[in-house]
Amino acid sequence: MCSPAVVLEANFRPKSAYERRMLSGLGGRLVEVYCRCPPEEASRRYSARSLIGERHAIHTLRDLPAALLAEFDRPVGLGAVIEVDTTGPVDIEALAASVRALLDDASASGG
């Protein structure tokens, strides 16, 4: 079984040449888990977490404007992509198994 060398958790801008270049420079097998959520719902969740103090301190905005959310409208797509619908419950075990399978396939084929 293949284990990832690194896991990055962040929002990446698919239209950003800089971010694409930095991610491409990592080398190795890339597996992207793209969490899909309607912008209105993402904004609502962000604002709700802000109001009850459940957001990370690095997030200084109280609300997410639509223009900002539009920057993350699709996966970056530099490697395998697993899209997850986050409007409902997510089967984390199945998701992890899918990621492992993609990493194992790449390892077995020398990728």
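With the requirement that a residue be charged (D, E, K, R) and either closer than 18 Å to P65 by Cα or without any contact (Cβ under 8 Å) to a residue 12 or more places away in the chain (or both), what does the range 16-39 give you?
Those that are charged (D, E, K, R) and either closer than 18 Å to P65 by Cα or without any contact (Cβ under 8 Å) to a residue 12 or more places away in the chain (or both): R21, R36.
With respect to A57, is the statement that it is of a type in the set (A, V, I, L, M, F, W, C) and under 20 Å from R13 (Cα atoms) true?
Answer is no for this residue.
Just need a number here: residues in the range 33-50 that are touching an Asp or Glu at 6+ places or on another chain (Cβ under 9 Å), surrounded by 13 or more Cβ atoms within 10 Å (Cβ to Cβ) and of a type outside the set (S, T, Y).
Summing the residues that are touching an Asp or Glu at 6+ places or on another chain (Cβ under 9 Å), surrounded by 13 or more Cβ atoms within 10 Å (Cβ to Cβ) and of a type outside the set (S, T, Y) in the range 33-50 gives 5.
Can you tell me how many residues in the range 57-67 are out of contact with any helix residue (DSSP H, G or I) (no Cβ under 9 Å at 6 or more places or on another chain) and within 28 Å of L30 (Cβ to Cβ)?
Residues in the range 57-67 being out of contact with any helix residue (DSSP H, G or I) (no Cβ under 9 Å at 6 or more places or on another chain) and within 28 Å of L30 (Cβ to Cβ): 2 in total.
Is there a residue being aromatic (F, W, Y), surrounded by 15 or more Cβ atoms within 10 Å (Cβ to Cβ) and in contact (Cβ under 8 Å) with a residue 60 or more places away in the chain anywhere in the range 68-86?
yes
Going by the conditions given, is A70 at pLDDT 85 or above, farther than 24 Å from L95 by Cβ and under 16 Å from the mean Cα position of the chain (by Cα)?
It is true that A70 is at pLDDT 85 or above, farther than 24 Å from L95 by Cβ and under 16 Å from the mean Cα position of the chain (by Cα).
Being among the aromatic types (F, W, Y), at pLDDT 85 or above and either part of a loop (DSSP other than H, G, I, E, B) or surrounded by 14 or more Cβ atoms within 10 Å (Cβ to Cβ) (or both) is the requirement here; does Y18 meet it?
no
For the range 90-111, which residues satisfy the criterion of being modelled with pLDDT under 80 and on the phi < 0 side of the Ramachandran plot?
A106, S107, A108, S109, G111
The values are calculated or read from the model by the stated rules, or taken from the named source; none is laboratory data. Computed from a predicted structure; not experimentally measured. Heads up, the Cβs are rebuilt from the backbone with ideal geometry, glycines too, and the neighbour counts pull from every protein chain shown.
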